[in-house]
Each structure stands twice: as C-alpha cells, then as structure tokens.
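Novice: Take this structure first; my questions come after.
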Amino acid sequence: KAAADAKAKANADAKAKADADAKRKADTDKAKANADAKAKAAADAKRKADADAKERAAEEARASSAKQAAEEAAQKKAEAKQIASTAKRDFENKIKRAWDTPAGSTGKTATARVTLSDSGAVRSVIVSSSDPDMKASVEAAVRSAAPYPMPSDPEARRQAQSFTSSFTAK
C-alpha cells in the first residue's frame, strides 16, 4: 500500500509538474504573442506616422512653392507697374516739350486721354478743355510727340498703352 501511495504521489507530482510546465509554456507563448502583437502595432504606427510626416512635408513643400510663385508673380507685376509708370511719365514729359502753349491761355487747363498701339503710335486722343485753342494745341502736341518708346516687358507695355495727362497753360 505504501508503494502504491508513493507511486500515486509520484504520478500526482509528475502530473502537477507537467501541468505547471504546460501552464508556464502557455503563459510564455501568450506573453510572446502579446509582445509580437505590440511590436507589430508599434511598427504599423511608426510606418503610418512616417507616411503622415512625409505627406505633410510634401504638402508644405507644395505650399511653399506656390507661395514663392505667388510672391514672384506679385514682384513681377509690381516691376511692370513701375516700368509702365515711368514710361507714362516720360510720355507726358515728351508731350509737354512738344506742346506749343496758345497765346492768352494762361491758367487754362486741358486733360488728354491717350491710347497707344504696341509700337507706340497714337491710336486715339481725347482732349477735354473749355478752350478750343488749348484743346487743339494739346492734341497736336500728343500727335507730334509720337511715336512713344514702349517698354519691352509685355505687361508694362500693356499698362503703358493708355494714360491720362493734365495740362495747364503758364
């Protein structure tokens, strides 16, 4: 009986040890599976974060490029406006040098609205003045000062093609 008890105890101990080993192995496998799942989730999150960061960087680069292009366009437009403004001032000075002020018209005024062609030839002149001699003299000055030197920049040339000048007889 003692031998049977010892054998039963040994079997029970062996079974308990086998169960403990199986439980330890199952816990280890479960822990390893959890660690693998966490590592995979972390790797996926990192890939997503990297992809998001790359997309943000590309978007920022596009926005920066668009902003730079807009700034360059604004700069070019401002330069064209400056060139056109200088050309118009030069046209006005050229007209005033060619203007033969009528006698007895001191203090009288006239306003000329001038439209030019691409080559600087006069397309139209509209002179406003209450004095017919002032009106005729300003129109003659505008036409005799032609052709006007047009800017080479297409936008500046377009802007310089029409201008208005005021004339006051002294």
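The values are calculated or read from the model by the stated rules, or taken from the named source; none is laboratory data. All values derive from a computational prediction rather than experimental measurement. Note that we place each Cβ from the backbone using ideal geometry, even for glycine, and neighbour counts take in every protein chain shown. Side chains are part of the model used for accessible areas, which takes the heavy atoms of the whole protein and leaves out ligands, DNA and RNA. Shrake-Rupley method; radii C 1.70, N 1.55, O 1.52, S 1.80 Å.
Novice: Do you know which residues across segment 62-94 are touching a residue at least 60 places away in the same chain (Cβ under 8 Å), over 18 Å from Phe163 (Cα atoms) and small (Gly, Ala, Ser)?
Specialist: none
Novice: Could you tell me which residue of segment 158-170 is most open to solvent (accessible area, probe 1.4 Å), considering only residues that are in a strand (DSSP E or B) and in contact with a Leu (Cβ under 9 Å, 6 or more places away or on another chain)?
Specialist: The residue in question is Ser162.
Novice: Would you check which residues across segment 92-105 are in a loop (DSSP other than H, G, I, E, B) and crowded, with 17+ Cβ neighbours inside 10 Å and list them?
Specialist: Of everything in segment 92-105, those that are in a loop (DSSP other than H, G, I, E, B) and crowded, with 17+ Cβ neighbours inside 10 Å turn out to be Trp99, Thr101, Pro102, Ser105.
Novice: When the residues of segment 57-67 are narrowed to those that are open to solvent by 100 Å² or more (accessible area, probe 1.4 Å) and within 12 Å of the chain's Cα centre (by Cα), which ends up farthest from Met150 (Cα to Cα)?
Specialist: Checking each candidate, the answer is Arg62.
Novice: Right, another one. Just checking, does segment 71-91 include any residue being open to solvent by less than 60 Å² (accessible area, probe 1.4 Å), under 30 Å from Ala169 (Cβ atoms) and in contact with a strand residue (DSSP E or B) (Cβ under 7 Å, 6 or more places away or on another chain)?
Specialist: Yes, there is a match, as at least one residue in segment 71-91 is open to solvent by less than 60 Å² (accessible area, probe 1.4 Å), under 30 Å from Ala169 (Cβ atoms) and in contact with a strand residue (DSSP E or B) (Cβ under 7 Å, 6 or more places away or on another chain).
Novice: Still on this structure: Filtering segment 106-124 down to residues that are assigned to a strand (DSSP E or B) and over 14 Å from Phe167 (Cα atoms), which residue is least open to solvent (accessible area, probe 1.4 Å)?
Specialist: Ranking the candidates gives Leu116 first.
Novice: Checking the conditions here, which among Glu155, Glu139 is surrounded by 13 or more Cβ atoms within 10 Å (Cβ to Cβ) and at pLDDT 95 or above?
Specialist: Among Glu155, Glu139, only Glu139 is surrounded by 13 or more Cβ atoms within 10 Å (Cβ to Cβ) and at pLDDT 95 or above.
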